[in-house]
1. For residue 127, only one of the following conditions fails: (1) outside any strand (DSSP E or B); (2) open to solvent by less than 40 Å² (accessible area, probe 1.4 Å). What is its number?
2. With open to solvent by less than 80 Å² (accessible area, probe 1.4 Å), free of Cβ contacts under 8 Å to residues at least 60 places away in the same chain and on the phi > 0 side of the Ramachandran plot as the only criterion, which of 121, 179 stands out?
3. Out of 112, 145, I need the residue that is in a helix (DSSP H, G or I), on the phi < 0 side of the Ramachandran plot, in contact (Cβ under 8 Å) with a residue 24 or more places away in the chain and open to solvent by less than 60 Å² (accessible area, probe 1.4 Å). Which one?
4. Quick check on this structure: which one of 153, 168 is without any contact (Cβ under 8 Å) to a residue 24 or more places away in the chain and under 24 Å from residue 87 (Cα atoms)?
5. Let me spell it out: the conditions are (1) in contact (Cβ under 8 Å) with a residue 12 or more places away in the chain; (2) surrounded by 14 or more Cβ atoms within 10 Å (Cβ to Cβ), and residue 42 meets all of them except one. Which number is the exception?
6. What's the number of the condition residue 129 fails, among (1) over 22 Å from residue 176 (Cβ atoms); (2) in contact with a Gly (Cβ under 8 Å, 6 or more places away or on another chain)?
Amino acid sequence: EGVRHELLYHLAGDPTRVSILQQAGIPRAASAVLLADSLVPRSDQDRDARTVLTALTIEKLAPGIFTVAELTSRDNEPLLKMHGVEEIVVADEYSAVILGSASRNRGLVRVLDEILTSRYGNTLHKVRAEAAWIGRTVGDLIPELKLRREMIVMGLERDGADGPRIQVNPPSSTPIEEGDLLLVLSDQGSL
């Protein structure tokens, strides 16, 4: 929803080839999402090898690009991180955790459906810390955000020496600093 379909294109070709990535506009792109290729029968190891090759080529063609890559195993995660891939998703791991948690916590899947889809209700958003929040603690800010904006604080992102650091469920005593981003659960209208 909300995507202009006239701006979506399908380009047939091997994404491990430089010419295909250039034709797709990677050198001008702000972000790239690499899915594990399941169109051709391959082993999981071969799928991940192709994802790694494609990701490394993308990072070479567009060093400032934000890249998200799907792997079938975490074995290649360090290599991707070393070459600038920002986010790595191992879908099977998440599925296993959700299945196990859902078996112990009935109704959990309905909550995750709402949080992880943008079709309806509440989703995750990043909100830049406002000037009035600077110096206040997370614990002081939580009730205000819930009462006035219907937001629930899920995490805090702060720039560190090695890049952004994300703290899930930050301690109440954590002071909000300039440049912080709060990861909040809310509906779009609350932002």
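1. Status for residue 127: all satisfied but (1).
2. Answer to the check: 179.
3. 145
4. Testing whether each residue is without any contact (Cβ under 8 Å) to a residue 24 or more places away in the chain and under 24 Å from residue 87 (Cα atoms) leaves just 168.
5. (1)
6. Against the list (1) over 22 Å from residue 176 (Cβ atoms); (2) in contact with a Gly (Cβ under 8 Å, 6 or more places away or on another chain), residue 129 comes up short only on (1).
Conditions (1) surrounded by 11 or more Cβ atoms within 10 Å (Cβ to Cβ); (2) among the aliphatic types (A, V, I, L, M); (3) in a helix (DSSP H, G or I), marked per residue:
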{"residue": "95", "(1), (2), (3)": "no, no, yes"}
{"residue": "101", "(1), (2), (3)": "yes, no, yes"}
{"residue": "167", "(1), (2), (3)": "yes, no, no"}
{"residue": "184", "(1), (2), (3)": "yes, yes, no"}
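Condition check ((1) open to solvent by less than 40 Å² (accessible area, probe 1.4 Å); (2) of a type in the set (A, V, I, L, M, F, W, C)) across all residues:
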site: 17; (1), (2): no, no
site: 29; (1), (2): yes, yes
site: 51; (1), (2): yes, no
site: 75; (1), (2): no, no
site: 80; (1), (2): yes, yes
site: 88; (1), (2): yes, yes
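The values are calculated or read from the model by the stated rules, or taken from the named source; none is laboratory data. These numbers were taken from a predicted model, which means no experiment stands behind them. We place every Cβ from the backbone using ideal geometry, glycine too, and count neighbours over all the protein chains shown. The protein model used for the area step is the full one, side chains on, heavy atoms only, and it has no ligands, DNA or RNA in it. Shrake-Rupley method; radii C 1.70, N 1.55, O 1.52, S 1.80 Å.
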